[in-house]
Protein chains: 2
Amino acid sequence: MPRTPRLDDRRERLIGEAARLFREQGYERTSVRQLAEAVGILSGSVFHHFSSKEEILLEVMRSTIDHMIDSLREASESTSDVEQRLYQLVRTELELLHGQTRDGVAVAFFQWHSLGADNQRRILAMREAYEQIWLDALEQARRRGLIDTEPFVTRRLLTGANGWTIYWYQQDGKLGLDDLADQVCRLLFKEPITG
Amino acid sequence: MPRTPRLDDRRERLIGEAARLFREQGYERTSVRQLAEAVGILSGSVFHHFSSKEEILLEVMRSTIDHMIDSLREASESTSDVEQRLYQLVRTELELLHGQTRDGVAVAFFQWHSLGADNQRRILAMREAYEQIWLDALEQARRRGLIDTEPFVTRRLLTGANGWTIYWYQQDGKLGLDDLADQVCRLLFKEPITG
DNA sequence: TTGCCTACCAAGCAAGCGCTTGGTAGACTT
DNA sequence: AAGTCTACCAAGCGCTTGCTTGGTAGGCAA
């Protein structure tokens, strides 16, 4: 049994387990010892990979936000129809919140207040690209009369509505993710989606 | 300077300061010592009024939820017009989230996961009366064709949208609470509010 | 073969945590 | 006047926390 499994393999595993634990229990209630145990090392060894506990949270968010931006950009560019585009954005955000990357996404959505002021600002800056995709799409929709609400306010309300689903929506119920996205879009648009 | 200012005065002050601190810093990041200092006593003396730290959080939520139910019920009964009623509910919830009682309301909205499983269930049960008022109004609106979304899902989406405003809405900006309530209702209803 | 580097262990430190204990000043009751 | 109760203080206990330190096994390069 080699002491060195693979370069940076442990670091990735630490980030993954941290995302899971932070989501399930919250950042403050998760101890470094608990995280270390989850990947099979001792607590002190965690600090060989990260300089502080907060840096772990930061890395969880950073890698997650990168992924979120990629996914949302792809969704945005998947169609040129504005209505369809907004549906895809909604659908993608819900997918992010409930799919395989849900742990990190939930943490990025709801646990930024566990960061210090500086890192909070850093994360907020990273999210800006993500929010800009939303704002662009909403502004397009407003110009074409598909929505009659302010893009800025609308996006913030939508952020809350979508993010909050992690606390009540269960994938295995009879309400599928598509249905949920449909319900959200019914609020967003005055008329049902065409096509 | 009398040792006994007034009966249960300190307890009320403790709940108020706890609500403020829990909102500003979160439950875990607020220490009993810090709370004690905020009301001018030593940390041990807090446990003369409460049996545990968690009981303080529970009391913050309990008293807050009582107030929320009263406010929402009053709003619901203030009009018999369904559209107007829903607007009043939205307006009232936003008022609760940003008015004088905002500390406790924010805590009740976003910090229930800091409670143990038993107390979580207890709080959830208390909120049921609050949610029922919403569901009744939404069901009425659906029957009259004012909305075309599921009341249950709609309420949950609305919970997130409204609750999330505590993280971005600022009272002193040019967007007033009335304007905000109006924007929310534009999402909710297909047509602008009449009257 | 020597020497360095990575990834870890073993042990533990200082600080802070929630909470307990024993005692007491002052108000209230009888 | 005596006894009781409330609301607190002073001190500290046991425990957990994030993090540090010193050392070492194994892989790799010269």
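The values are calculated or read from the model by the stated rules, or taken from the named source; none is laboratory data. In this text the structure is predicted, and so the values were computed from the model without any measurement. Neighbour counts are summed over all protein chains in view; Cβ atoms, including those assigned to glycine, are modelled from backbone coordinates with ideal geometry. To get the accessible areas, we keep the full protein, side chains included, count just its heavy atoms, and leave off ligands, DNA and RNA. Shrake-Rupley method; radii C 1.70, N 1.55, O 1.52, S 1.80 Å.
Please specify each residue of segment A:105-124 satisfying the condition of being outside any loop (DSSP other than H, G, I, E, B), open to solvent by 10 Å² or more (accessible area, probe 1.4 Å) and farther than 26 Å from A:L188 by Cα.
At the first step, the residues of segment A:105-124 found to be outside any loop (DSSP other than H, G, I, E, B) are A:105-110, A:112-114, A:117-124.
Next, from what is left, pick out any that are open to solvent by 10 Å² or more (accessible area, probe 1.4 Å): A:110, A:112-113, A:117-122, A:124.
Hits for segment A:105-124 are A:W112, A:H113, A:A117, A:D118, A:N119, A:Q120, A:R121, A:R122.
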Task: Test set (1) free of Cβ contacts under 8 Å to residues at least 12 places away in the same chain; (2) open to solvent by 20 Å² or more (accessible area, probe 1.4 Å); (3) among the polar types (S, T, N, Q) - B:Q88 fails condition number - done: (1)
Open item on the list: When the residues of segment A:140-163 are narrowed to those that are within 11 Å of chain B (Cβ to nearest Cβ) and assigned to a loop (DSSP other than H, G, I, E, B), which ends up farthest from B:D182 (Cα to Cα)?
Closed with: A:I147
Open item on the list: It is to be established whether one or more residues within segment A:164-172 are more than 7 Å from every other protein chain (Cβ to nearest Cβ), farther than 19 Å from A:M68 by Cα, of a type outside the set (S, T, Y) and open to solvent by less than 10 Å² (accessible area, probe 1.4 Å).
Closed with: no
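Being of a type outside the set (V, I, T), away from every other protein chain (no Cβ under 14 Å) and buried (at least 18 other Cβ atoms within 10 Å of the Cβ) is the requirement here; does B:A137 meet it? Let's see the steps before the verdict.
On the way: of a type outside the set (V, I, T): yes; away from every other protein chain (no Cβ under 14 Å): yes; buried (at least 18 other Cβ atoms within 10 Å of the Cβ): yes.
It is true that B:A137 is of a type outside the set (V, I, T), away from every other protein chain (no Cβ under 14 Å) and buried (at least 18 other Cβ atoms within 10 Å of the Cβ).
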TODO: Name every residue in segment B:145-195 that is aromatic (F, W, Y) and more than 16 Å from A:Y169 (Cβ to Cβ), in order of residue number.
DONE: B:Y167, B:W168, B:Y169, B:F189
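Run down B:E28, B:E12, B:E95 and say which single residue is within 14 Å of another protein chain (Cβ to nearest Cβ) and either within 16 Å of DNA strand D (Cβ to nearest atom) or surrounded by 14 or more Cβ atoms within 10 Å (Cβ to Cβ) (or both). I'd like the intermediate steps shown before the answer.
Values: B:E12 fails: within 14 Å of another protein chain (Cβ to nearest Cβ); B:E95 fails: within 14 Å of another protein chain (Cβ to nearest Cβ).
It is B:E28.
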- [ ] Determine which single condition B:K53 fails, assuming it passes every other condition in (1) open to solvent by less than 30 Å² (accessible area, probe 1.4 Å); (2) within 14 Å of another protein chain (Cβ to nearest Cβ); (3) within 16 Å of DNA strand D (Cβ to nearest atom).
- [x] (1)
